[in-house]
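Asks: Below is a structure I'd like to ask you about.
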Amino acid sequence: KVRTENTTAQFAQFGTLVNVTIWGLTPHLAERAISLLQRDYAALNRDWYAWGAGELGQLNQTLQKATTARLSTSLGHLLKHSLQFSTISQGLFDVRVGPLVELWGFARAQDVIRDSAAPSDDAVAAARDRARLEVDVVDNGDGWHVRTEAPGVVIDLGGIAKGAILEQGIARLVAEGAPRALIDAGGDVA
């Protein structure tokens with residue numbers, strides 16, 4: 001009989017600590033699964049960060065000057081679901097909040113510690129107008145595309161990405177043979 005035990009790991013990603021526990025695998029197989037999970041998470045952290053060099057950051061840059069852009073399948077699915085949640089919540093949840101996030105200085109970690117006055121009412125109104133631009137995400141047979149009525153929308157997945165990331169993480173661990181696992185990403189748990 002092969003000896004199995006619980007294997008735990010902790011690493012930083014997504015601006016928080018990620019704790020992983022796997023039960024029922026040998027330590028070698030569990031460590032391999034966690035290593036692959038860390039690799040996957042590093043890629044998602046890069047690709048889904050709104051103001052970085054990854055896919056979402058590049059999409060936001062493109063949407064500043066164009067009204068249509070191509071998306072990967074994973075980002076297309078996540079953005080489509082995000083926009084559906086915005087409709088269901090009647091706008092209480094909205095990934096188009098990027099202009100407001102930027103305005104208040106939360107777009108980059110170093111901006112949070114800035115010492116400045118609150119934005120003017122006019123600046124807030126202008127950012128709200130940009131956050132209300134219509135966005136449509138479609139898979140038209142040759143891949144996923146996002147379209148907007150006018151340039152200027154900024155998409156920020158910070159309010160929904162962690163849930164999708166946790167789902168993908170559990171799928172990765174299951175694919176690596178983990179019969180039971182727990183991922184805690186800063187208090188969001190799967």
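Asks: How far is it, in nm, from the label point at H145 to the one at E167 when both lie 7 Å from their Cα along the line to the Cβ?
Replies: So the label points at H145 and E167 sit 2.5 nm apart.
Asks: Sticking with this structure for a sec: Return a whole-number percent for the relative contact order of the chain, with Cα pairs under 8 Å and 6 or more residues apart as the contact set.
Replies: 29
Asks: From largest accessible area down, sort F85, F106, F93, F11; use a 1.4 Å probe on the protein chains.
Replies: F106, F85, F93, F11
Asks: Roll a 1.4 Å probe over the protein chains and send me the accessible area per residue for the chain in Å².
Replies: Heavy-atom SASA per residue in the chain reads 55 Å².
Asks: Only four residue types carry charge here, +1 at the Cβ of Lys and Arg and -1 at the Cβ of Asp and Glu. Report the dipole size of segment 1-113 about the Cα centre in Debye, rounded to the nearest 20.
Replies: Details: 10 positive and 8 negative charges, 57 e Å.
Rounded to the nearest 20 debye, it is 280 debye.
Asks: Okay, next question. Using 0.36 nm times the number of residues separating A66 and A125, minus their current alpha carbon distance, what extension gain do you get?
Replies: Extra length from A66 to A125 when fully extended: 19.0 nm.
Asks: Hey, if we sort D122, D156 by accessible area with the 1.4 Å probe, largest down, what's the order?
Replies: Ranked from most to least accessible, the order is D122, D156.
Asks: Further question: How large a share of the accessible area of segment 1-108, in percent, is made up of carbon and sulfur atoms when the probe is 1.4 Å and the other protein chains stay in place?
Replies: Reported share for carbon and sulfur atoms: 55 percent.
Asks: Put a dot 7 Å past each Cα toward the Cβ at S74 and R180; how far apart are the dots in nm?
Replies: Label at R180, label at S74, 2.8 nm between them.
The values are calculated or read from the model by the stated rules, or taken from the named source; none is laboratory data. From a predicted model like this one, the values you see are computed outputs, not experimental measurements. Using ideal geometry, Cβ is built from the backbone for each residue, glycine included, and neighbour counts are taken over all protein chains shown. With ligands, DNA and RNA removed, areas are computed over all heavy atoms of the protein, side chains included. Shrake-Rupley method; radii C 1.70, N 1.55, O 1.52, S 1.80 Å.
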